[in-house]
Amino acid sequence: MATIAVPIGAQGNSQADEAVSRPALGEYLRWSVDHKIIGVQYGVSSFLFFLVGGAMAMGIRLELLTPALDLMASGSAYNSLFTMHGTVMIFLFIIPMWAAFGNFVVPLQLGAKDMAFPWLNAFAFWLIPPAAIIILMGYFVTPAEAGWTSYPPLSTLFSGDGQTLWALGAHLLGISSIMGSINFIVTILNMRPEGMTLWRMPLLCWAVLATSIIAVMATPFLAGALTLLLLDRVAGTTFFDAAGGGDVLLWQNIFWFYSHPAVYIMVLPGMGVLSEVLSIHSRKPVFGYRMVGLSSMGIAFVGFTVWAHHMFTSLQPELRIPFMITTMIIAVPTGIKMFSWLGTIWGGKIRFTSAMLFALGFLSMFVIGGITGVMLAALPFDIHVHDTYFVVSHFHFVLFGGSVFAIYAALYHWFPKVTGRMMNERLGRIHFVFTYFGFLFTFFPMHIVGMLGMPRRVAVYDPAFTQWNQLIGIAAFVLGFSTFIVVYNVIRSYFRGPIAGANPWRALTLEWATTSPPPVTNFIDDPIPYEDPYGYGTEAATAYLDAVDETFRNGRPASGSH
Amino acid sequence: MSTSISHGQKAKPRDQRAAALRLKNNRLGMSIFQISWIMVFFALIVVNWQLRFSYAQWPPLGVTPFEPLLPSLATLALLCSTIFVQRGLAAFRGAEVNVFALCWRLALALGIVFMALIAREFAAVSEAALATQYGVTMRLMTGFHIVHALAILGVMLAVYRRAVAGAYRGGEAAGWAVEGSAKLWHFVTVAWILFYVVLYWLR
Amino acid sequence: MNNNRNRSPSISPAAVVVAAIFLLVSVIGINWFTSFVPVVLPPQASAESKSVDELFYVLVIIGGIVFFLIQGMLLISVIFFRAKNGDQSDGPTYHGNALLEIVWTIIPAGVVVFLAVLSFNVWMQNTEPKAAVNMVDGAEVKINVNGARYAWTHTYQTGQIDPKGAQIVINSGNKLHTYIGQNIELELRTQDVIHSYWAPAMRVKQDLLPGNPATGGRPTEIRFTPVRVEDETYPASYPIVCAELCGDGHGRMTGEVIVYEDESQFLQQFYEPAIYAILNPPADPVLRGEILIQEYICNSCHTLDSLGWTSSTGPSLNGIADRAGERVPGQSAEEYIVLSVWNSQAFVVPGYTEQMAAFGPDQTDANAMSAEQLYAIAAYLCTQGEQSDCDIENQTVAIPAAIETAFGLEVDITFGQGDEAETDSS
């Protein structure tokens, strides 16, 4: 074959030294409109909230070691603890954490210099700290104790002022999420470089696009629901109070119309990450690229039609059947993704990097969440396990086995790009082993206690379940401990990790065709994307990757270009 | 900073390309915002609709239905207003500043007429209606709408004053503020028509 | 390297062997999984539980196939497709296979359609209204369930009339009494927040939704038919729990389904004695109060050692009579007690919140309490203490006087002591 010339864009001509220097740590504490700074701000703050929410989970498990109420002063104290655990993990950890990776990676993958609306981007982030303060402040006054779902009338007539603060904080976070999502959609649709059609876009961008579409369509319903909740709490209206002509199911309908799609807001970006990581670390194109991209859209679309399966025990019986059917249908696009990922690694040259381990861990754990999801869709069986530990287990398999594993995979994968340093792989593997088995033994037994008859959200339970809960508790402490390994790894690697270079994983997507960390303008000049973001294994791809390596030898653009 | 252009075929000066991209982004961003935020109004319609089923009939027994005459006039005023806004925008793009000023003054005046009429409706809800969700959801919806109308009218007023003072000249990108505020007013119109139909005609 | 382009990755014979082994393991594994079905589910104590468990069995088999298929392929990939040490090359450039993608779209779609149809059938079968429900002695008896923070109350509207002409209502507290083969249909109402009535052994669950009290609330229904469980001794007891977060005492909001072997055992051990007790209350108000107080939901929040109550949402009732006289200046012990029962907000014990529901003649369902019932309960509470502040000697005067002062109601202290009671107790 003829020699293949692969243009990567005029990345020479550099101000090389400036390009590789990392932003001073102080920059992360200030207002900045640079999407890379904002990405890190999102990431670090949401990780701190992960630790807070995790500490609360440890408190929950500590209480549940015995069937009686002992650690907590009252059932209410326990209720407010898990209410905060759920709220922090969902609104302050997972959703903003995906905004972190989306912010840092998406503009780079598109070869763009920044997001479409940099100022709006920063504003969306800076809504989070005040919202977090408001929500956490509520915990120290008279805490919300109606669960993160805050069903009225418990949350309206029987809760303290913390519930009002909770609703205010969630309101702000919803607005932040809408603004961030508008930004993502515009960036992805308008700012792709020439030659990158939608069908040549990296799959993370597809996933973020689908996620953002869900967020802009669904989050306004949360705003509506929270507005009514606030009015009921402070203005004396009775939207949810039956005695005043209101309807408690109104909240459930509007809330779940947001909150079920919110599950996909939390897991779809993880699926995007998985497509990236599995393909790059097994050196093989994504199997069935189009179907993977389309299935993201399929999940986003069908996700809007399933909300009432959260209301299987409260909805009028005749309305339950249609939601059972839609809920089952959503298993199909999810299945397409699972099989496509297996097709991706099948026959590849798998590198067992930490990122890859967590991606494989996602595959192996998320499938359990998927199977139990179909079980929960089956109405007669759901009636038995609705609101039990079976459900707790199911959504942790989706949100921890799915989202958190994907967040870890993304962390190990993009850390070199963000900081210019590699993470420690040995620590990464240790972290994986502890997380994987800690997670499995924490959450798998929960299926069984749930089926046997333990409802969720109880501090006091039937002593027959004591041994199960002790097993779960011990595993949960192992899982909690595993977090410290990655915290140590991140801090250590930030200062002492080996220099990463531009493209340590030899990946074809554009974020790797610039220095690590990228310069303020991301690229010296408009980069030219490789025709196929996952076209590994061809001479052209190898030539492109060699050209990237050559250009950024020694971690900075070589003068004189390729 | 390098000024070399890698895609020679469409050579435009860099800042011109950037301005075109900004305008394209603003337009798409505005559309997405409109689609997104109209969902809140849909959520309130769902509220109205679901609460109807708490009652045997709608409006509930003993409550006189709202008189649609004044709100219809208000709707007409708003529709005219939004048409004037659009005409004014076209005039602004054609650099006919006088036509623009006239149209927007009319639009603002009609907008104020609309708000005054709706505010009157808001205030005139009977005690009997307010004792039921019929009156409460009506106040929720109109109140929520008025807040938006008021804020956006304020934006339009500010934009109008700057526009006649000569700001935003020099092409579509520079005139984005005029176009954006006009689109926000269209949004107010669409949102109101949804509410109008639900509140006064769907019984 | 380019030779690999668009060619299916080759699979070594070893992979085929492993795949075969995996197939074998999955068959054994799924079999092993399903052997756990009876272990991980409560006893099948209702007709509904059998069909739900059969559905679960199918779900486990299909889930097991998916589980072993995916974990198996994952394991094979991990073992056989790992890059050898020092191998820096890329994998084959293989972009997909339309046929395969269609297959793994169609097959799962077919499976979920199958599951949806199956679930639909089970659902229709389980929720079909039955002809004769709550049959006792050849007549239908209405059974209401009331959910209140944090207790269940079951009431049987017997249809029988007491000597004063009122319908006899059996209040069995947190226990539902039934017998094998009785088609149970419960009407559920809540008086505060959403609760969820769950009897795991029956596989039924239904939320209780707050409704407008003026229009009779928003009743929901639950139906099941108890069946015989092998090796069970009757009467058998199965738990009821609250499955929807309802506040502080949510975990304690429990009850029991008591299943009798047949209708005659049900009548002998529960129904007839209960009616007899209602028609023949003890003459002593203290004894009457002791029975009555257990029919209300007091135990869901209070501790009282003499009755074995242990909840701590509200203040303890141990020794209440010793403190009652000193709580509020100017209030006698009797006045304090009767006020605290009906209108607990009148005085909230420091350290507790205003959570207690109101009781009284104006209240509905489980909170309805006549002045006569209050009299008996107050008489009982007056005995809870070492040196009671109450005037126990004169309780027939002191307590009615307190009720008169507090609520302006006159008490008929001969409550329930019909002529029959006199003759039966003699």
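The values are calculated or read from the model by the stated rules, or taken from the named source; none is laboratory data. Here the structure is a predicted model, which is why all the values come from computation and not from measurement. Backbone-built Cβ (ideal geometry, glycine too); neighbour counts: all protein chains shown.
Couple of notes before you dig in:
- Within the range A:195-212, considering residues that are in contact (Cβ under 8 Å) with a residue 60 or more places away in the chain and in a loop (DSSP other than H, G, I, E, B), the one farthest from A:E511 (Cα to Cα): A:G195
- Taken together, A:D546, A:D532 contain a single residue that is under 19 Å from A:I280 (Cα atoms) and part of a helix (DSSP H, G or I), which is A:D546.
- Residue check for A:S155: of a type in the set (G, A, S), closer than 26 Å to A:V52 by Cβ and either in contact with a strand residue (DSSP E or B) (Cβ under 6 Å, 6 or more places away or on another chain) or within 14 Å of chain B (Cβ to nearest Cβ) (or both): no
- Strands (runs of 3 or more DSSP E) fully within the range C:62-176 counting 2 or more residues that are assigned by TED's automatic domain parsing to the domain that holds C:E263 and more than 26 Å from the chain's Cα centre (by Cα): C:151-161
- Being in contact with an Asp or Glu (Cβ under 8 Å, 6 or more places away or on another chain), in a helix (DSSP H, G or I) and modelled with pLDDT of 90 or more holds for only one residue in A:A476, A:A541, A:A464, and it is A:A541.
- Residue in the range C:311-325 that is over 30 Å from A:A146 (Cα atoms) and under 19 Å from the mean Cα position of the chain (by Cα) present: no
- Screening the candidates C:Q331, C:Q345, C:Q363 for the property of being at pLDDT below 85 and crowded, with 19+ Cβ neighbours inside 10 Å yields one hit, C:Q331.
- Neighbours by Cβ (under 8 Å, 6+ apart or cross-chain): first from the range C:306-321, surrounded by fewer than 19 Cβ atoms within 10 Å (Cβ to Cβ); second in a loop (DSSP other than H, G, I, E, B) and charged (D, E, K, R): C:G319/C:E386
- One residue alone among B:A177, B:A182, B:A119 is touching a Lys or Arg at 6+ places or on another chain (Cβ under 8 Å) and in a helix (DSSP H, G or I), and that residue is B:A177.
- In the range C:101-123, of all residues being crowded, with 19+ Cβ neighbours inside 10 Å and aliphatic (A, V, I, L, M), the one that is farthest from C:V204 (Cα to Cα) corresponds to C:V112.
- Qualifying residue in the range A:414-421 (condition: buried (at least 21 other Cβ atoms within 10 Å of the Cβ), away from every other protein chain (no Cβ under 14 Å), in contact with a helix residue (DSSP H, G or I) (Cβ under 7 Å, 6 or more places away or on another chain) and aliphatic (A, V, I, L, M)): yes
- Yes/no for A:T142 being in a helix (DSSP H, G or I), in contact with an Asp or Glu (Cβ under 8 Å, 6 or more places away or on another chain) and modelled with pLDDT under 95: no
Condition check ((1) more than 7 Å from chain C (Cβ to nearest Cβ); (2) under 30 Å from A:P322 (Cα atoms); (3) touching an Asp or Glu at 6+ places or on another chain (Cβ under 6 Å); (4) in a helix (DSSP H, G or I)) across all residues:
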residue	(1), (2), (3), (4)
A:F339	no, yes, no, yes
A:L342	no, no, no, yes
A:G347	no, no, no, no
A:M356	yes, no, no, yes
A:L363	no, yes, no, yes
A:F366	yes, yes, no, yes
A:I371	no, yes, no, yes
A:F381	no, yes, no, yes
A:V391	yes, yes, no, yes
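- Within the option set A:G246, A:G174, being assigned to a helix (DSSP H, G or I) and either within 11 Å of another protein chain (Cβ to nearest Cβ) or crowded, with 22+ Cβ neighbours inside 10 Å (or both) holds for one residue only, A:G174.
- Answer residue from the range C:202-224, given it is surrounded by fewer than 19 Cβ atoms within 10 Å (Cβ to Cβ) and assigned to a loop (DSSP other than H, G, I, E, B) and is nearest to the other protein chains (Cβ to nearest Cβ) among those: C:N212
- Test: residue in the range A:30-52 that is surrounded by 24 or more Cβ atoms within 10 Å (Cβ to Cβ), over 18 Å from the mean Cα position of the chain (by Cα) and among the polar types (S, T, N, Q): no
- Conditions (1) without any contact (Cβ under 8 Å) to a residue 60 or more places away in the chain; (2) over 22 Å from C:V136 (Cα atoms); number of the one not met by C:K164: (1)
- Number of the condition not met by C:V141 [criteria: (1) in contact (Cβ under 8 Å) with a residue 40 or more places away in the chain; (2) more than 8 Å from chain A (Cβ to nearest Cβ); (3) touching a strand residue (DSSP E or B) at 6+ places or on another chain (Cβ under 8 Å); (4) surrounded by 12 or more Cβ atoms within 10 Å (Cβ to Cβ)]: (1)
- Any chance C:E393 is under 32 Å from the mean Cα position of the chain (by Cα), charged (D, E, K, R) and not in a loop (DSSP other than H, G, I, E, B): no
- Number of the exception - A:S76 against (1) free of Cβ contacts under 8 Å to residues at least 60 places away in the same chain; (2) surrounded by fewer than 24 Cβ atoms within 10 Å (Cβ to Cβ): (1)
- Pairs are defined by a Cβ separation below 8 Å, a sequence spacing of at least 6 or placement on different chains, a first member in the range C:245-261 that is outside the structural domain of C:G147 (by TED's automatic domain parsing) and closer than 20 Å to A:G147 by Cα, and a second member that is of a type in the set (G, A, S) and surrounded by fewer than 23 Cβ atoms within 10 Å (Cβ to Cβ); no pair meets this definition.
- All conditions in (1) within 14 Å of chain B (Cβ to nearest Cβ); (2) more than 23 Å from A:W119 (Cα to Cα) hold for A:F140, with the sole exception of (1).
- Qualifying residue in the range A:385-394 (condition: crowded, with 24+ Cβ neighbours inside 10 Å, closer than 26 Å to C:L75 by Cβ and small (G, A, S)): yes
- Scan of the range C:20-46 for residues that are among the hydrophobic types (A, V, I, L, M, F, W, C), at pLDDT below 80 and surrounded by 14 or more Cβ atoms within 10 Å (Cβ to Cβ), ordered by number: C:F22, C:I30, C:F33, C:V37
- Total residues in the range A:280-328 satisfying the condition of being closer than 17 Å to A:L376 by Cα, over 22 Å from the mean Cα position of the chain (by Cα) and touching a residue at least 24 places away in the same chain (Cβ under 8 Å): the figure is 12.
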